[in-house]
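Notes for the one structure printed next.
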Amino acid sequence: MKLKPEQLGSHLKQPLQPVYLLTGDEPLLVQEAGDQLRAAARQQGFSEREVFHAEPGFSWDSLLESSQSLSLFAERRLIELHIPNGKPGTKGAETLNRLLAPAPEDTLILIYCPRLDASAQRSSWFKAIDKAGAILQFWPVEANRLPGWIQQRCRGLGLSIDPDAAQLLADRVEGNLLAAVQEIEKLKLLSPDNSLSEQLVGGGVANNARYDTFALVDAALAGNSSRCLRVLQGLRGEGVEPIQILGSLSWEVRKLSELKQHPGPLNDALFKKQRIFGKRQALVGQALKRLQPLQLNRMLQLCAAIDQSIKGMCNQDPWQQLAELSLQLCGQPCLADLTD
């Protein structure tokens with residue numbers, strides 16, 4: 001069965017399922033859910049714990065043998081299986097199917113994987129887990145939800161934080177939840193009254209932002225010019241090469257240009273053909289409403305000019321040009337001033 005992360009607390013008040021799959025790209029959320037499950041398991045008598053890591057050379061037979069052998073020290077035990085690449089392979093899939101048909105008695109199995117793609121979720125081993133136990137999928141906290149997540153986290157620690165301070169902290173960590181938690185714990189020590197103000201956050205929080213080109217493209221598609229420049233500055237500070245950023249932006253501009261020329265209405269089939277899925281469909285739709293064909297043609301010309309600048313074929317600053325391209329994608333015709 002599918003179990004939402006926010007349902008886990010109430011779910012743990014019941015007898016545990018035989019197997020849980022924790023999957024997602026947010027290590028903090030996955031780790032904390034695992035901690036909750038282990039604590040509940042101890043309370044329900046699972047006193048012995050074995051941990052396996054399915055890395056190259058791993059013996060899947062050892063996992064099966066362990067699950068079938070009698071414990072010398074406890075009546076109930078916990079087996080943890082970490083699959084770092086999320087791909088157990090043919091042997092691993094066969095082992096998991098045998099292990100869960102049916103699941104061994106008096107054994108709780110926790111399986112950890114990164115985010116699984118659609119093909120993995122159609123696999124026999126994934127379906128076996130879904131049938132025998134529970135699957136928890138963890139998604140990144142989106143930028144517009146991060147201040148609320150920070151406020152909730154603070155309340156759980158007995159802290160109060162005003163909305164401006166929560167927004168400032170969200171801006172500083174840029175989606176890095178582990179950094180957010182670490183900063184909140186540090187601020188708790190600095191606060192004399194368990195109250196976090198914007199001034200305290202501004203003076204006590206380091207810049208823990210993590211940037212990638214996908215964040216830049218999403219901000220541009222959403223028309224968020226201030227975030228665009230902030231992410232672009234972050235990419236520059238982290239040593240990302242301009243050619244990598246240009247590749248992501250130019251790919252998006254070309255796709256927008258192709259979609260703009262499409263004679264009929266936009267639909268799911270057209271988006272899938274262009275390999276645009278999920279929430280990105282809404283972002284692309286916003287950009288298409290905002291941008292005209294002439295603007296997209298100018299952006300394509302600017303992409304070519306940036307490529308020449310990167311190659312040293314003209315005397316232009318590629319970072320300044322990337323900022324200009326990003327703002328044009330936001331719908332702003334003006335030049336950007338990207339400071340060092």
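Checking the stated criteria, residue 194 turns out to be at pLDDT below 90, surrounded by fewer than 18 Cβ atoms within 10 Å (Cβ to Cβ) and on the phi > 0 side of the Ramachandran plot. If you take the residues of the stretch 54-78 that are touching a Phe, Trp or Tyr at 6+ places or on another chain (Cβ under 7 Å) and aliphatic (A, V, I, L, M), which of them is farthest from residue 31 (Cα to Cα)? Applying the filter and picking the extreme gives 63. Of note, residue 142 does not satisfy the criterion of being more than 20 Å from the chain's Cα centre (by Cα), closer than 22 Å to residue 28 by Cβ and of a type in the set (Asp, Glu). Has the stretch 260-283 got at least one residue that is open to solvent by less than 20 Å² (accessible area, probe 1.4 Å) and of a type in the set (S, T, N, Q)? No, the stretch 260-283 contains no residue that is open to solvent by less than 20 Å² (accessible area, probe 1.4 Å) and of a type in the set (S, T, N, Q). Within the stretch 1-44, being of a type in the set (D, E, K, R) and free of Cβ contacts under 8 Å to residues at least 24 places away in the same chain holds for 6, 13, 32, 35, 42.
Being within 22 Å of residue 283 (Cα to Cα) and open to solvent by less than 20 Å² (accessible area, probe 1.4 Å) is a property that holds for residue 217. Looking at the stretch 177-191 only, could you name the residues that are surrounded by 15 or more Cβ atoms within 10 Å (Cβ to Cβ) and more than 17 Å from residue 146 (Cβ to Cβ)? Correct list: 191 only. If you check residue 58 against the conditions, is it touching a residue at least 60 places away in the same chain (Cβ under 8 Å), in contact with a strand residue (DSSP E or B) (Cβ under 8 Å, 6 or more places away or on another chain) and aromatic (Phe, Trp, Tyr)? The answer is no for residue 58.
To keep it simple, each residue is scored yes or no on (1) within 30 Å of residue 182 (Cβ to Cβ); (2) part of a helix (DSSP H, G or I).
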{"residue": "214", "(1), (2)": "yes, yes"}
{"residue": "262", "(1), (2)": "no, no"}
{"residue": "265", "(1), (2)": "no, no"}
{"residue": "299", "(1), (2)": "no, yes"}
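Taken residue by residue, the stretch 23-41 has at least one member that is within 17 Å of residue 127 (Cβ to Cβ), at pLDDT 90 or above and out of contact with any Ser or Thr (no Cβ under 7 Å at 6 or more places or on another chain).
Note on the stretch 42-57: residues that are modelled with pLDDT under 90 and either within 29 Å of the chain's Cα centre (by Cα) or under 24 Å from residue 97 (Cβ atoms) (or both) total 7. Within the stretch 23-38, is there a residue that is basic (Lys, Arg) and open to solvent by less than 80 Å² (accessible area, probe 1.4 Å)? Yes, the stretch 23-38 has at least one match.
Scanning the stretch 224-253 for residues that are in a helix (DSSP H, G or I) and open to solvent by 60 Å² or more (accessible area, probe 1.4 Å) yields a total of 8. Here is the figure for the stretch 220-239: residues that are touching a residue at least 24 places away in the same chain (Cβ under 8 Å), out of contact with any Leu (no Cβ under 9 Å at 6 or more places or on another chain) and under 10 Å from residue 327 (Cα atoms) total 1. Among the residues of the stretch 169-184, none qualifies, meaning not one is in contact (Cβ under 8 Å) with a residue 60 or more places away in the chain, under 21 Å from residue 214 (Cβ atoms) and touching a Gly at 6+ places or on another chain (Cβ under 6 Å). Of the helices (runs of 4 or more DSSP H) lying entirely inside the stretch 51-170, none contains at least 2 residues that are of a type in the set (A, V, I, L, M) and open to solvent by 80 Å² or more (accessible area, probe 1.4 Å).
The values are calculated or read from the model by the stated rules, or taken from the named source; none is laboratory data. It should be emphasised that the depicted structure is a prediction, and the values quoted were computed from it without experimental measurement. Cβ atoms come from the backbone with ideal geometry, glycine included; neighbour counts cover every protein chain shown. We work out accessible area using only protein heavy atoms, side chains counted, and drop any ligands, DNA or RNA first. Shrake-Rupley method; radii C 1.70, N 1.55, O 1.52, S 1.80 Å.
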